Amino acid sequence: MVVFGSTDYFHAMDAPKSQIKEMHVKEFGVSAKIGDVLQALKADIATGTQHVELVFGGTGKGSLQGMNTNPEMFDRVKREEIRKLAKINNVTLSTHAAVNMAGFSGFNNRDAFEDRVQQDKLQEIKRTIEFAADTAGGGAVVLHTGEFPRTVKDSKFKVGSDKQELLYLADRETGKVVAIPKSPLDVPQWKKVNGEYVDLDGKPLKDQRDYAHRVPEINKETGEILWKKGGLKFDEFAQEIKDWNRANPKEEQRSPEKEFLFLQSFQQIQAEQPRVVEYQERAKVYMENYEKVKDKIDAWKELEKRTPKDKEEYLLNAFRSEFKELAPELEKGKKPSEALEKYAHSMKEQAIHYQEGYIGFQKNVNNLWKQHKNIDAIEKVGLDRTADTFADAAIYAYRIGKQKKLDKAVFVAPENMFAEYGYGGHPQELKQIVVKSRERMVEKLAEIGVKGPEAKKIANEHIKATFDTGHANTWAKYFDEDKSLSPEQNKKKFDKWLVGEIKELVDEGIIGNVHISDNFGYQDEHLNVGGGNAPIRDLVDLFRQDKYKGKLVVEWGAQGPEEQQEAGALLAAWANLAGSPIYRVEGSSPTWNDIESGGYFGTSSTPFHVSGNYGGGLGKDWRLWSYSEAPIE
């Protein structure tokens, strides 16, 4: 028998725990099952939740049987039914765009950014916005990030091997993405005077990245070039670029990735330079020979016409004397002019061949400078493209809201994903996406006459992030461990870092929607809240501060097959964060009076769903309260 009031047990299956102060079960929402969102909503309302996030499965042409559902599959009648069903049950809604769609920069998941891919993604967002406006009357439209491949900049995380790590860059004009190894470069020890690179005369170079005119240090004993031991490492090179940027704030700021690629490319061209000089010299010689011979062809043709047959041998001997190397051609029966024409043609072909080699080198040099002008770190190119997409989508949401006279804004809600997904998973990456998208939206609003504080307010209302606790916790496996600490202590360090990062995002108004699920830091298993090791309690405490006004959406996934998964996930969150799901939902002292009249869900009615032996003749489909089916005391 449980003694109520003198312990922190709420029922026989409870373990001692401390609930979050004054937290109510109504603060949690639940994500609906993928498929028919109307039927999913009906099922979720039965769990007692007061918020449901409707989730779509796919893009393009839809299929209900294949769970490839999209917003356009639900016509006006169904949309109105969803809206009314939510309204009469006092349930609010948010919307999750296709879960199989990630990344909105236009990256084609191979080697380039494509405008067509970017446009297709924008159309998917637009039709989800229309659905959200029709059914939810506003709220979040959740979008999975994963914008483009990148190297994680945060040194606290080790994603992959340093030896195999790549630097990604992109061409703004063509969209082409370039991946270069981060391995050290073989470079000479360049001579410096007063910290500046110098030329042969010892004068500082006007442009410190003028690698062609840098002077290598020479071993005074052997006369050989001194090479940098261990090569030039990217981190060392990047620091030099950052130092230059700080020292030259008024100059165009340089990108370490861009400059590293330029140096790599320049070295390859520089290696060809001696051969190219030879090409140029040979082309010059052959062209001079061609010009000399070409001028004599007509003269020899004239001599051949005037020379009598009995004097032809004299003519041939004269030719042999002047053009000894062409004498064999005469033995083949050719006339002197014909031999000269063949020789001139050969000289011209050789001159063209070597000239093409020289021109090709110059073309490579010109292309290198052109590439240097257009290419940049992938974060800069890709983030601009992502911001364009979200700004366009948010402006569409703003226009839809005005047209339909919505009471609340439909907002674009990019969601943090996994480290492996690419840009957008790290809290600072998510922040940059929101900040840059809002800035771009303000610029675009100005084009339609909305400016100043009003434009900023609209942008802040229509672009907010979705933060997912489970996705964030999977970054723990890449957290750079302190070997002097235990795994548990390292996890606590990660948790402290994560909570600090999210506090910054909350304080700055970045987050507008939250997904809650648990795991053990490896994969996004969607365990029950409290079933893994994510710092959910600390994060939820953070979200309940005044600065966060959005929803807390519990996500299902790993619950048992015999229970309604959404209900199982929702009840676990209530039990672990808000208190007992049956006997206690508010207040500080559990008593029988609470059970009889304090109420389940704040009403005086008994629980709608029961389980185990208390379920009587009910089938297992109704046994939602207990995963183990143990009888409730």
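The values are calculated or read from the model by the stated rules, or taken from the named source; none is laboratory data. Bear in mind the structure is a predicted one, so any value in this text is a computation, not a measurement. Cβ atoms come from the backbone with ideal geometry, glycine included; neighbour counts cover every protein chain shown. These accessible areas exclude ligands, DNA and RNA; they are computed on the full protein's heavy atoms, side chains included. Shrake-Rupley method; radii C 1.70, N 1.55, O 1.52, S 1.80 Å.
Worth a mention:
- The stretch 338-446: trypsin sites (Lys or Arg not before Pro) falling in loop per DSSP and having at most 12 other Cβ within 10 Å: Lys405, Lys408
- Computed on the stretch 151-211, the Cα convex hull volume stands at 163 Å³ per residue.
- Part-to-part distance (alpha-carbon centres) for the stretch 339-416 and the stretch 228-250, which is given in Å: 26 Å
- Taking every DSSP bridge with both residues inside the chain, close to 40 percent are antiparallel.
- Per-residue [θ]222 nm for the chain (sum of -39500 (n - 2.57) over DSSP H runs n ≥ 4, rounded to 500): -14000 deg cm²/dmol
- Cα-based radius of gyration for the stretch 152-306, normalised by 2.2 N^0.38 Å, reads 1.61.
- Solvent exposure of the chain as accessible area per residue, Å², 1.4 Å probe: 52 Å²
- Relative intensity, log₁₀ I(q)/I(0), of the stretch 440-505 from a Debye sum that treats every alpha carbon as a point, q = 0.15, 0.20 Å⁻¹: -0.63, -0.80
- Sequence of His213, His515 from largest to smallest accessible area, 1.4 Å probe: His213, His515
- Efficiency of FRET between Lys87 and Gln523 - r from beta-carbon atoms, R0 35 angstrom, step 0.05: 0.40
- Taking the square roots of 5 times each eigenvalue of the Cα gyration tensor of the chain, largest first, gives ellipsoid semi-axes of 73, 29, 22 Å.
- Extension gain for the segment Arg537 to Glu236, taken as residue separation times 0.36 nm less the Cα-Cα distance, is 104.3 nm to one decimal.
- Cα-centred dipole magnitude for the stretch 334-375, charges only on beta-carbon of K, R (+1) and D, E (-1), debye, nearest 20: 120 debye
- Estimated FRET transfer efficiency (Glu454, Asn100; beta-carbon r; R0 35 Å; 0.05): 0.40
- Chain lengthening between Glu80 and Gln489 when straightened (0.36 nm per residue, less Cα-Cα): 142.1 nm
- For the stretch 115-166, the spread of Cα coordinates along the three principal axes comes to 51, 27, 12 Å, biggest extent given first.
- Of the residues Asn89, Phe323, Met67, the one whose Cα sits farthest toward the positive end of the charge dipole of the chain, with +1 on the Cβ of Lys and Arg and -1 on the Cβ of Asp and Glu, is Phe323.
- Per-peptide packing, taken as the mean over residues of other Cβ atoms within 10 Å, places 182-188, 49-55 in the sequence 49-55, 182-188 from highest down.
- With 0.36 nm allotted per residue and the present C-alpha distance subtracted, the Gln267-Lys203 stretch has 20.8 nm of extension available.
- Label-zone membership for the stretch 278-306, site Leu316, 7 angstrom Cα→C-beta point, backbone N under 19 Å: 300-306
- Residues in the stretch 106-137 reached by a label modelled at Gln403 [backbone nitrogen below 17 Å; 7 Å Cα→Cβ]: 122-137
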